[in-house]
Amino acid sequence: MKVVATIAAVRAARPELGRLGLVPTMGFLHAGHLALAAQARAECEAVAVSIFVNPSQFGPNEDLARYPRDMEHDLALLEAGGVDLVFVPAVNEMYPAGFTTWVDVEQLSAPLEGAHRPGHFRGVATVVCKLLNIMMPERVYFGAKDAQQTVVVRRMVSDLALPSEVVVVPTVRETDGLALSSRNIYLDPAQRQAAGILYRALTAGRQAWLAGECNAQALRQLMVAMITAEPLAQIDYVSLAEPETLVELDAVADRALASLAVRFGTTRLIDNLIWERRAAAW
Ligand code: PAF
């Protein structure tokens, strides 16, 4: 496994890698990231992972300074996962003095996470665009947990005709349903236990819909009531939106993206579930 820190070193290593799968990460890797790398391993000739805590996607009052980091452990996991190339740029490699070009995926960046984290998706889109230009992967892998991120990145790749295919990999969950996230490390034991409410609310909402409730406001309210009953949880939003446009629904017909952001103390967690009607079994 080659570990490089400069764009020039990636460009020098790139020709011998063949059909490449890229997994962009911010490090502090967990089984969710490893599932992305495993799928890339299965589908591509070579696998690259980038580890870069991207300052431009954090707001001024967010957790950039305390975002968890453990490079040694990350590299050991990636080595064991059969990764070929790891790109670990410093901030001034990605944002040199005078940097002034930004990618803004309008509309799709505005609601949900974008409404609570102004500028977040401008930072994500810009760094992902730059990573794709540096690494030129045939495929790039993202976790379904960051649902809006996948929608924004897909749109950017399509609008800018970037020659990489976006692949979205299902969320990896703990046994109580909590989605794996590097930020779960911030939770104290009581908050960790309380955080199971996110997945329970998403699945209870889906059950109510499958049982016949189609009114989106009633379904949102059902999820809000469940989460509000958990004293350690504070809701940022609970959304039921059209999965491709992210427009809020009045009624849920065949498909919806149920997504939410909830705070436990100073830790903010997001999760989502695509609700779909399954075909009849016969
Ligand atoms: O999902 C993440 O970890 C980040 O948003 C990403 C895609 C690596 C861009 O910094």
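Laboratory data are not the source of any read-out in this text; all were calculated from the coordinates shown. Bear in mind the structure is a predicted one, so any value in this text is a computation, not a measurement. FYI the Cβ positions are ideal-geometry reconstructions off the backbone, even for glycines, and counts take in every protein chain you see.
Give me the net charge for the shell around Ala201: Cβ to Cβ below 12 angstrom, other residues only, Lys and Arg +1, Asp and Glu -1. Can you show the working numbers first?
Working: positive: Arg200, Arg206, Arg220; negative: Glu230, Asp271.
Overall, the nearby charge balance is +1.
For the chain, what is the convex hull volume of its Cα atoms per residue in Å³?
Values: hull volume 40.9 nm³, N = 282.
Output value, Cα hull per residue: 145 Å³.
Take every Cα-Cα pair in region 44-137 and report what % of them are more than 21 Å apart.
It works out to 43 percent of all Cα pairs.
Relative to the longest principal axis of the chain, what angle (0 to 90°, nearest 10) does the C-alpha long axis of helix 31-43 take?
The angle comes out at about 60 degrees.
Using 0.36 nm per residue, how much length does the chain from Lys2 to Thr266 gain when fully extended, once their Cα-Cα distance is taken away?
91.4 nm
Could you order peptides 178-189, 96-107 by the average number of other Cβ atoms within 10 Å of their residues, highest first?
Put in order of decreasing packing, that is 178-189, 96-107.
I need Thr267, Thr175 ordered by Cβ neighbour count within 10 Å, fewest first. If you can, show how the numbers build up before the last one.
Details: Thr267 18, Thr175 6.
Fewest-to-most ranking of Thr267, Thr175: Thr175, Thr267.
Per Stokes-Einstein, at 20 °C and 1.002 mPa s, what whole-number D in µm² s⁻¹ belongs to region 98-144, with the Kirkwood radius over Cα pairs as the hydrodynamic radius?
Working: Rh = 11.9 Å.
Rounded to a whole number, D works out at 180 µm²/s.
At q = 0.09, 0.15 Å⁻¹, what is the log10 ratio I(q)/I(0) for region 119-263, with the Debye formula run over Cα points and no solvent?
Debye curve over Cα of region 119-263, log10 I(q)/I(0) at q = 0.09, 0.15 Å⁻¹: -0.34, -0.88.
Roughly what would the spin-label model give for Glu93 and Leu210, points 7 Å off Cα along C-beta, in nm?
4.6 nm
Tell me, rounded to the nearest percent, the portion of alpha carbon pairs in region 54-200 spaced more than 24 Å apart.
41 percent
Antiparallel as a % of all DSSP beta bridges within the chain, to the nearest 5?
Beta bridges within the chain, antiparallel portion: roughly 50 percent.
Which ordering of Val153, Val167, Val247 is given by a fewest-first count of other beta-carbon atoms within 10 Å?
Numbers: Val153 26, Val167 18, Val247 11.
Least crowded to most crowded, the residues run Val247, Val167, Val153.
Once both axes come from the Cα atoms, what is the angle between helix 71-80 and the longest principal axis of the chain, in degrees from 0 to 90, rounded to 10?
90 degrees
If I take R0 = 25 Å and measure r between the Cβ atoms of Arg255 and Gln234 in this structure, what FRET efficiency does the formula 1/(1 + (r/R0)^6) give, to the nearest 0.05? Before the final figure, lay out each step's value.
Working: r = 29 Å, r/R0 = 1.15.
Step by step, r from the Cβ atoms, then E = 0.30.
Helix 197-210 versus the longest principal axis of the chain: what is the Cα-based angle in degrees, 0 to 90, to the nearest 10?
Helix 197-210 sits at roughly 60 degrees to that axis.
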